[in-house]
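The values are calculated or read from the model by the stated rules, or taken from the named source; none is laboratory data. Just so you know, these numbers come straight off a predicted model, no measurement behind them. FYI the Cβ positions are ideal-geometry reconstructions off the backbone, even for glycines, and counts take in every protein chain you see.
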Amino acid sequence: MRLKRVRIYGFKTFADRTEFDLTGGIIAVVGPNGCGKSNLVDAILWGLGEGSAKQLRAHSSQDVIFSGSAGRKAVGYAEVSLYFDNEDF
């Protein structure tokens, strides 16, 4: 079973609907400090059912919902969809 796609909306820094296509052999997430690499991993954990705010690097469960910024309104909920493929089996 392989993780093929991750769709995120309203989770931590992902204020816009964002989709990551994870097809291919080796996947690497690279970028400068503060670009959201760890938030992607946290979103996958949350999508798999992790309920501990501490494990998601947050103080409370409300901290995982995008709370707004100077140029954006807050989002009322967070959504993470994980798409798996088991064609190899």
On the basis of being acidic (Asp, Glu) and modelled with pLDDT of 95 or more, does GLU87 make the cut? no
So which residues in region 34-73 are basic (Lys, Arg) and without any contact (Cβ under 8 Å) to a residue 40 or more places away in the chain, if there are any at all? LYS37, LYS54, ARG57, LYS73
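Which of the residues that make up region 74-89 are out of contact with any strand residue (DSSP E or B) (no Cβ under 8 Å at 6 or more places or on another chain) and without any contact (Cβ under 8 Å) to a residue 12 or more places away in the chain?
Across region 74-89, the qualifying residue is only GLU87.
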